[in-house]
Amino acid sequence: MSVDYKRRQIVGRGIPVAGNDIDTDRIIPARFLKAVTFEGMGEHAFEDARKQNPEHPFNSPAYRGASVLVVGQNFGCGSSREHAPQALMRWGIRAIVGGSFGEIFFGNCVILGIPCLRASQEDLEWLQKAVSRAPGDAVTVDVEKQEVRFGERVIKATVPDAPRNQLVGGTWDSTAVLLEAGAAIEATAGRLPYVKGW
Amino acid sequence: MARTLFDKVWDAHTVRTLPSGQTQLLIGLHLIHEVTTPQAFQMLKELKLKVRMPERTFGTLDHIIPTTDQTRPYADPMAEDMAAHMYRNMKEFGLPLFDMASGQQGIVHVIGPELGLTQPGMTIACGDSHTSTHGAVGAIAFGIGTTQVRDVLATQCLAIAKPKLRQVRVDGALAKGVYAKDVILTIINRLGVKGGVGYAYEYAGPVMERMTMEERLTVCNMSIEGGARCGYVNPDQTTIDYLRGRPYAPAGDAFDRAAAWWKSVATEPGASFDDVKTIDGASIEPVVTWGINPEMSVGVSQRIPSPESAPEAERPTYREALAHMGFEAGQPIKGAKIDVAFVGSCTNGRLSDLRIAAEVAKKGKVAKNVRALIVPGSQQVAKAAEAEGLHEIFQAAGFQWRKAGCSMCLGMNPDQLVGREMSASSSNRNFIGRQGSPTGRTLLMSPAMVAAAAINGAVADVRETLR
């Protein structure tokens, strides 16, 4: 059976993590980066935040099995560590809806096939509350239509064209696409004075 | 039409436009380290691919290494395992590794410029967000994740969308006791940690033009803390003088040809930007962070702001910050007690940083109960500092003189905060748990201010210490 890489729509239960500027150190503390694989990373998602706050959503049995993370502004800022989206993915997250995202984190999510959609502050606050009231209900993240549906309500949630094309078209795992350029890579390099020699 | 450096360098490295609309961007220099690459090499092996341009790929060891005894095997078996993987991968793929024996090891963002690997007009990528540092010489340099490291290893390219460009001008002149670190902390404070998302920053204006290369490296280093994935300064005579004679810079006539090209990539007068922001250099005083992200800072003479002074959406973060730090709104930052002082990191671990800190260290002794570490950014920085006797000044004042590495900036080695310790740190992030203890606390400031805090046992105004 072939793997479907297309990320047109993700349907799953939601989990809200409130707050702005949640950095990748918070998502996965640096001590868990001392590893040569990403295996087991999911167990440590938000580890210190969970220990310090028993009420943390990642501790709550109500959200176990959730796959749509709903966050605030500038989520995933800071360190480039891919361990952050890897930890979330391995915990079970398949899509993230937030106000804005740290740029390296956003790129890391795309290359792992995790759509990150941007919604308005008002809609995010509503979605976080709605999900916490009905954690058993499914959230539909429609990447293609750029909207998120929960219950009766539909909110606008955007992804810039290029990553949306990659996610919807299933070309987010970029090595193969980049290799297609073939000799054009060496040709571009060969035109650069610092490559061809001064 | 007048063009920016960003446009010129981006266009010169564009292989093609991908069907998604992104650019396939050639990466001219790929720097790698032990923490974000083992999985990338594994993926490469699974794909049965080679490194596309091994001659454009260089590695070092920096994040996990101890700064006391660096002989292998390391005491920490996980650190040893990562080092062993790095050696094995570099050997297997035929890549050069600047290890301890090379005499050129150090923090990847310190050694790139120091060795002259980092040059104007290049695109530079590294699996580390502080890759923005290299923009100081006039390069487009940015951090990437591990799967993107795989892409660069395999194809020497990245699939990436072109960001918008903002010019950040720092006009006027800096007052005495105000350093590059205060400039970038002020920029982040004024524009916000989210302010740069979607932008690359061009730093310009008289203050930037007068800065030495090491000062520019400090400013560009923290672009990412302001949300901008990369930041650069246009190459000028300072850049050319800095690069002359460095091991990987061209030599002889080739250097002159290179210098002419480097100058030609600079932004042309009259070029337009998506946005321009201006900061008055004279308005900047020594800065100290009081919170849990690098935007939460005040001048050393100021008081910690109240959550009510912030926009409503930011108030929860302010409250969380005050609770974590154990501070009261309205409290002066000056006088806040510290337990640890750390001078080092890719932000402020260069020779000029150590010289300034040593100048301050001559004024006193490290306060009782303060643990103070000086961690040079590279073996070469350490060697140059020792040749000037800086290590003796530090040791006489009660600072520990360590070996090169990332150390307490992120606490992946034994250099970590313990419990709720408060650290005065010349590094780049005050995130909760950043310096190794989940409850540890970090006050970011310039190396001069760290040394002053070490002597006073509390946040102090270095302008008074130096008077």
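Values in this text are rule-based calculations from the coordinates and carry no lab data. Remember, predicted model here, so these are calculated numbers, not experimental data. Neighbour counts run over all protein chains shown; Cβ positions are idealised from the backbone, glycine included.
Here are the numbers for this structure:
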read-out: Efficiency of FRET from Cβ geometry, A:K145 and B:A387, R₀ 60 Å, rounded to 0.05; value: 0.40
read-out: Global geometry of the protein assembly as shown, whether rounded, prolate or oblate, following the gyration tensor of its Cα atoms and the 1.5 cut on a/c; value: rounded
read-out: Shielding score for B:23-35, defined as the mean number of other chain Cβ atoms within 10 Å; value: 3
read-out: Shielding by other protein chains, A:79-90, mean Cβ within 10 Å; value: 5
read-out: Cut-off under 5 Å, modelled amide H: who pairs with B:R52 long-range; value: B:A154, B:T155, B:Q156
read-out: Centroid-to-centroid separation of region A:130-193 and region B:397-467 [C-alpha atoms, Å]; value: 40
read-out: Longest exposed-site-free window of chain A, the sites being trypsin sites (Lys or Arg not before Pro) in a DSSP loop that have at most 16 other C-beta atoms within 10 Å; value: A:65-144
read-out: Per DSSP, loop GluC sites (Glu not before Pro) in region A:54-123 with at most 11 further Cβ within 10 Å; value: A:E55
read-out: Length-normalised contact order of region B:164-283 in % [C-alpha pairs under 8 Å, at least 6 apart]; value: 40
read-out: Additional length obtainable on full extension of the chain from B:A282 to B:A2, 0.36 nm per residue less Cα span; value: 97.8 nm
read-out: Under the Karplus curve 6.51 cos²θ - 1.76 cosθ + 1.60, θ = phi - 60°, whole-Hz ³J(HN,Hα) for region B:226-240, x wherever Gly or Pro sits; value: x, x, 8, 5, 9, x, 9, 10, 5, x, 8, 4, 4, 5, 5
read-out: Hz values of 3J(HN,Hα) by residue in region B:407-419 - Karplus curve (6.51, -1.76, 1.60), Gly and Pro given as x; value: 6, 6, 4, 10, x, 8, 10, x, 7, 9, 6, 10, x
read-out: Loop-resident sites, region A:128-164, for GluC sites (Glu not before Pro), counting at most 16 other Cβ within 10 Å (DSSP); value: A:E144, A:E152
read-out: Cα gyration tensor shape for region A:9-169, rounded if a/c is under 1.5, else prolate or oblate; value: oblate
read-out: Rel. contact order, % - alpha carbon contacts under 8 angstrom, at least six apart, chain B; value: 17
read-out: Cβ neighbours within 10 Å from other chains - mean over B:431-437; value: 6
read-out: Fully extended contour minus Cα-Cα distance, from B:A310 to B:R467, at 0.36 nm per residue; value: 53.0 nm
read-out: Region B:107-155 versus region B:325-361: alpha-carbon centroid distance in Å; value: 27
read-out: DSSP bridge orientation in chain A - percent antiparallel, rounded to nearest 5; value: 55
read-out: For chain B, the longest site-free run once GluC sites (Glu not before Pro) in DSSP loop states with at most 14 other Cβ atoms within 10 Å are removed; value: B:1-327
read-out: Within straight-line cross-link reach of B:K368, lysines at Cα separation under 22 Å, skipping those fewer than 8 residues along the same chain; value: B:K334, B:K337
read-out: Length released on extending from B:A323 to B:D69, taking residue separation times 0.36 nm less the Cα-Cα span; value: 87.7 nm
read-out: For A:V139, distant residues with modelled amide H under 5 Å away; value: A:G12, A:R13, A:G14
read-out: Whole-Hz couplings from phi, Karplus 6.51/-1.76/1.60, listed for region B:245-252; x for Gly and Pro; value: x, 6, x, 9, 7, x, 10, x
read-out: Shape of region B:226-385, Cα gyration tensor, a/c cut at 1.5; value: oblate
read-out: Ellipticity estimate at 222 nm from DSSP helix runs (n ≥ 4, -39,500 (n - 2.57)) divided over chain B, nearest 500; value: -9000 deg cm²/dmol
read-out: Long-range amide H partners of B:V35 with built H, under 5 Å; value: B:H63
read-out: Low-density loop positions, trypsin sites (Lys or Arg not before Pro), region B:354-457 - DSSP coil, at most 16 other Cβ in 10 Å; value: B:K362, B:K363, B:K365, B:K368, B:R420
read-out: Relative contact order of chain A, pairs being alpha-carbon contacts under 8 Å that are 6 or more residues apart, as %; value: 26
read-out: Sum of -39500 (n - 2.57) over DSSP H runs of 4+, divided by residues of chain A (222 nm, nearest 500); value: -9000 deg cm²/dmol
read-out: Residue (of B:V207, A:G170, A:T188) at the positive-pole extreme of the protein assembly as shown, dipole from beta-carbon charges; value: A:G170
